[in-house]
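Asker: Shown below is the structure under consideration.
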Amino acid sequence: MSEPLTELFSRCREEGRAALLPYMTAGLPTPEESLTLFAAMAEAGADGFEVGIPYADPLMDGPVIQAAGERALSAGSGVEVSLDVLREVVGSTGKPTVVMTYVNPVLRMGIEAFADRVAAAGGSGIIIADLPVDEAEVFAAAFRKRDIGLVLFVAPTTTDVRLERVLAAKPPFVYGIADLGVTGARTAASTHIAALVERVRRHSDVPVVAGVGISTPEQAHAAACVADGVIVGTALVREVMGATDAASAAEALRLAVGGFAAAMQRD
Amino acid sequence: MRLDKPDTQGRFAQFGGQFAPETLMPALEELETEFTKAWADPGFHDELNSLLRDFVGRPTPVYRAARLSAQYGIELYLKREDLAHTGAHKINNTIGQALLTKRMGKPRVIAETGAGQHGVATATACALLGQECVVYMGEKDIERQALNVHRMRMLGTEVRPVTSGAGTLKDAVSAAMRDWVASVDGTHYIIGSVVGPHPFPWMVRELQKVIGEELETQMDGSAPERPQPDVIVACVGGGSNAMGIFYPYAGSDVDLVGVEAAGYGLESGQHGASLVAGSPGVIHGSMTYLLQDDQGQILEAHSISAGLDYPGVGPEHAYFKDTGLVRYASVTDEEALEAVYLLASTEGIIPALESAHGLAWIIKEAPSLQGKVVVLNLSGRGDKDVELIVEQS
Ligand SMILES: Cc1ncc(COP(=O)(O)O)c(C=O)c1O
């Protein structure tokens, strides 16, 4: 259901802060232990999640998330495990959770069947990294029927004509790509996100969530001051990839997410 | 029916399209607009054609392979793309796209390469036009096509090794696309085959169809030594040399045969035969046939030939397969290797391992081709493969 997302963003607006939506590859460090990582992030102040389906050819992802995907796949994760993780995360944390995937696994299962499975697992939305608005309608329609929102992207390169098409498709939120390039850490804060949010605001009140390249609490805070939500991926996945076991990964995530959560309050 | 252009969504029926990150979409739109303009501009064709003639050496000859013809009872002709500058058909595409890059005012070019032929052809075009060039190449391919790595570097190109996946062509394409997502403002991605999101498959086909158009005039039936072809055969990796020679004939009564890499054999699961043994899905921005598992993960391909070692194929080939305009077959590593020696020792031409796949199919099918005029697109020469072939044999 996309309602939990709507509620989250309006609550955050009232509280004068942005929502923190961590990304984590499903099935890390193992399919059995995956839930413990999401639980740790929930305790530390995450407002919702992006559950990433590991994919062998992630075109929008940098080396850290690529390696995480490869490791998750060899640990036995995949579409089935990810949908299980989604169900467990929603069931145990109660937080709005979206699925993050590439288009081919959705097509392979069949768009309708995939939408059924996400709905049954309690997903609120879906993000498909290689699905621009031009190809989105058949997907959006299938998910809409089950009250799941298809998230669409706006990038620094997006033209005004394209922006209007994205907004006309009524995504549950717009994924504002904070920086050119694939996911991964950046040393400098995004110079794009404020302008992006402002461009969206000229046409629409739809929530804008900033992601890509946000890897420190300082960068997250800058984004939180203008956007409705912030997605942090690489910085958290790196903690998990560097940890020796699930318990220390959970501990590292608790610390890191705590820092990002504290950065969500606007000045 | 052959399509002049994909539809407004960039589709050949259900194949093709633009499954690309939003960051790239404006660049793809710009590319379509700019190529459409250039392709309608006689000035662009003049510039391209004079380079194809004087720099590349087009038209490439058609050679009647007399000894092989006699040996196998077929009328075998070779379209000599191996004689094009840099040694393969790839340069037809790169000169065109490099000229387009200049028109778009972008100073930097990136490319992927498998066999290294597309990388060398891109490096060459960029040297010619004074453009900065970076080529992504899988680690494994850097090893097995070392000669071409040296050539690219001599031409002033930076070769960036790709270590992800199996370190082959698929990974190089992914790495180039990731670079492009970050660099799109000042960089053009010269993709090396009829693959990728629209407008690439269409644009590369337009730039490669010169092969088939030349063949139409070279073998027009106007004299006994220039009969019209009954069968045209080409190897299919991404599918650009095959598309280049097939396209002008698609829908005619000439029998068109695309030959994919069967690697260790189709039943081994280790091959590059996406059309013969794959299923529809999305790879590198395009809906097409690909090798995938039951959860939609793209599988690693295998071929002795780096240029055919790819789990996808151009979307227009997927369309040709489903409409029956072209039939697709496959041959193994071993059969291709034998064909290299056969052509070398019988006709004095060392073919690229890629092109040898086409010849291997013709030899296998010779009983059904008796007396027919068969044209093989000899897409490239084999210098790059000599070391590997000697090791394998
Ligand atoms: C000589 C030669 N032939 C064929 C190919 C395969 O590509 P395509 O199927 O696009 O022609 C390559 C690719 O590297 C090549 O070098």
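The values are calculated or read from the model by the stated rules, or taken from the named source; none is laboratory data. Keep in mind it's a predicted model, so treat the numbers as computed, not measured. FYI the Cβ positions are ideal-geometry reconstructions off the backbone, even for glycines, and counts take in every protein chain you see. Remember, those area values only see protein heavy atoms, side chains included, never the ligands or the DNA or RNA. Shrake-Rupley method; radii C 1.70, N 1.55, O 1.52, S 1.80 Å.
Asker: How many residues, within the range B:292-320, are within 18 Å of the chain's Cα centre (by Cα) and away from the ligand (no atom under 14 Å from the Cβ)?
Answerer: Matching residues across the range B:292-320 total 2.
Asker: Can you tell me which residue is farthest from A:GLY76 (Cα to Cα) among those in the range B:298-317 that are in contact with a strand residue (DSSP E or B) (Cβ under 7 Å, 6 or more places away or on another chain) and within 14 Å of chain A (Cβ to nearest Cβ)?
Answerer: B:PRO315
Asker: Write out, first by first residue and then by second, each pair whose Cβ atoms fall under 9 Å of each other, whose residues are 6+ apart or on separate chains, and whose first residue, in the range B:358-375, is open to solvent by 70 Å² or more (accessible area, probe 1.4 Å) while the second is acidic (Asp, Glu).
Answerer: B:LYS364/B:GLU335; B:LYS372/B:GLU75; B:LYS372/B:ASP230; B:LYS372/B:ASP255
Asker: May I pose another question? Which of the residues that make up the range B:208-249 are open to solvent by less than 10 Å² (accessible area, probe 1.4 Å) and of a type in the set (A, V, I, L, M)?
Answerer: Result: B:ILE211, B:LEU215, B:MET219, B:VAL231, B:ILE232, B:VAL233, B:ALA234, B:VAL236, B:ALA242, B:MET243, B:ILE245.
Asker: Given the conditions (1) surrounded by fewer than 24 Cβ atoms within 10 Å (Cβ to Cβ); (2) over 29 Å from B:PHE19 (Cα atoms), and given that B:GLU139 satisfies all but one, which numbered condition is not satisfied?
Answerer: (2)
Asker: Of everything in the range B:300-331, what is touching a Pro at 6+ places or on another chain (Cβ under 8 Å), crowded, with 24+ Cβ neighbours inside 10 Å and under 14 Å from B:GLN270 (Cα atoms)? Give them in sequence order.
Answerer: B:ALA301
Asker: While we're looking at this one, here's another question. Out of the residues in the range A:50-70 that are outside any loop (DSSP other than H, G, I, E, B) and either touching a strand residue (DSSP E or B) at 6+ places or on another chain (Cβ under 8 Å) or β-branched (Val, Ile, Thr) (or both), which is most open to solvent (accessible area, probe 1.4 Å)?
Answerer: A:VAL64
Asker: Under 7 Å between Cβ atoms, at least 6 apart or on separate chains: pull out the pairs that start in the range A:61-75 with a residue that is more than 11 Å from chain B (Cβ to nearest Cβ) and end on any residue that is surrounded by fewer than 18 Cβ atoms within 10 Å (Cβ to Cβ) and aliphatic (A, V, I, L, M).
Answerer: Final answer for the pair search is A:VAL64/A:MET241; A:ALA68/A:MET241.
Yes/no per residue for (1) of a type outside the set (A, V, I, L, M, F, W, C); (2) open to solvent by 60 Å² or more (accessible area, probe 1.4 Å); (3) within 14 Å of chain A (Cβ to nearest Cβ):
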| site | (1), (2), (3) |
| --- | --- |
| B:ARG2 | yes, yes, no |
| B:GLY17 | yes, no, yes |
| B:MET25 | no, no, yes |
| B:PRO59 | yes, yes, no |
| B:SER69 | yes, no, no |
| B:LEU78 | no, no, no |
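Asker: Something else about it: When you go through B:ASP171, B:ASP185 one by one, which is the residue that is within 13 Å of chain A (Cβ to nearest Cβ), free of Cβ contacts under 8 Å to residues at least 40 places away in the same chain and open to solvent by 10 Å² or more (accessible area, probe 1.4 Å)?
Answerer: B:ASP185
Asker: Moving to a separate point now. Out of (1) closer than 19 Å to B:PHE19 by Cβ; (2) part of a helix (DSSP H, G or I); (3) away from every other protein chain (no Cβ under 14 Å), what's the single condition that is false for A:ILE126?
Answerer: So the condition that A:ILE126 fails would be (2).
Asker: Out of the residues in the range A:26-49 meeting the condition of being outside any loop (DSSP other than H, G, I, E, B) and open to solvent by 10 Å² or more (accessible area, probe 1.4 Å), tell me which one is nearest to A:LEU86 (Cα to Cα).
Answerer: Among those that are outside any loop (DSSP other than H, G, I, E, B) and open to solvent by 10 Å² or more (accessible area, probe 1.4 Å), it is A:LEU35.
Asker: Out of the range B:281-297, which residues are touching a helix residue (DSSP H, G or I) at 6+ places or on another chain (Cβ under 6 Å), free of Cβ contacts under 8 Å to residues at least 24 places away in the same chain and facing chain A (nearest Cβ under 7 Å)?
Answerer: Result: B:GLY281, B:GLN295, B:GLY296.
Asker: Could you please let me know if B:PRO351 is open to solvent by less than 10 Å² (accessible area, probe 1.4 Å), within 14 Å of chain A (Cβ to nearest Cβ) and within 16 Å of the ligand (Cβ to nearest atom)?
Answerer: no
Asker: Please enumerate the residues belonging to the range A:76-110 that are surrounded by fewer than 22 Cβ atoms within 10 Å (Cβ to Cβ), facing chain B (nearest Cβ under 8 Å) and either under 19 Å from A:PRO29 (Cβ atoms) or in contact with a helix residue (DSSP H, G or I) (Cβ under 7 Å, 6 or more places away or on another chain) (or both).
Answerer: A:GLU80, A:MET109
Asker: Still on this structure, I have one more. What number of residues within the range B:232-274 are among the aliphatic types (A, V, I, L, M) and assigned to a loop (DSSP other than H, G, I, E, B)?
Answerer: Matching residues across the range B:232-274 total 4.
Asker: Let me ask something additional. Pull up the range B:91-122, narrow it to residues that are over 21 Å from B:VAL162 (Cα atoms) and open to solvent by 10 Å² or more (accessible area, probe 1.4 Å), then point me to the one that is farthest from the ligand (Cβ to nearest atom).
Answerer: Of everything passing the filter in the range B:91-122, B:GLY105 is farthest from the ligand (Cβ to nearest atom).
Asker: Continuing with this model, one more query. Given the structure, is A:ASP134 within 9 Å of another protein chain (Cβ to nearest Cβ) and within 21 Å of B:SER286 (Cα to Cα)?
Answerer: Spelling it out, A:ASP134 is indeed within 9 Å of another protein chain (Cβ to nearest Cβ) and within 21 Å of B:SER286 (Cα to Cα).
Asker: Looking at A:ARG144, A:ARG117, which one is out of contact with any helix residue (DSSP H, G or I) (no Cβ under 8 Å at 6 or more places or on another chain) and among the basic types (Lys, Arg)?
Answerer: A:ARG144
Asker: Give the residue, chosen from B:ARG151, B:ARG160, B:ARG178, that is surrounded by fewer than 24 Cβ atoms within 10 Å (Cβ to Cβ) and within 14 Å of chain A (Cβ to nearest Cβ).
Answerer: Checking each option against the conditions leaves just B:ARG160.
Asker: Within the bounds of the range B:261-278, is there any residue that is without any contact (Cβ under 8 Å) to a residue 40 or more places away in the chain, within 14 Å of the ligand (Cβ to nearest atom) and closer than 29 Å to B:GLU338 by Cα?
Answerer: Yes, the range B:261-278 contains a residue that is without any contact (Cβ under 8 Å) to a residue 40 or more places away in the chain, within 14 Å of the ligand (Cβ to nearest atom) and closer than 29 Å to B:GLU338 by Cα.
Asker: Six or more apart or on different chains, Cβ atoms under 8 Å: show the pairs whose first residue is in the range B:217-241 and at positive phi and more than 16 Å from the ligand (Cβ to nearest atom) and whose second is in a loop (DSSP other than H, G, I, E, B) and modelled with pLDDT of 95 or more.
Answerer: Note: pairs meeting the criteria are B:GLY221/B:PRO227; B:GLY221/B:GLN228.
Matching residues to (1) open to solvent by 10 Å² or more (accessible area, probe 1.4 Å); (2) out of contact with any helix residue (DSSP H, G or I) (no Cβ under 8 Å at 6 or more places or on another chain):
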{"residue": "A:ILE127", "(1), (2)": "no, yes"}
{"residue": "A:ALA168", "(1), (2)": "yes, yes"}
{"residue": "A:VAL208", "(1), (2)": "no, no"}
{"residue": "A:SER215", "(1), (2)": "yes, no"}
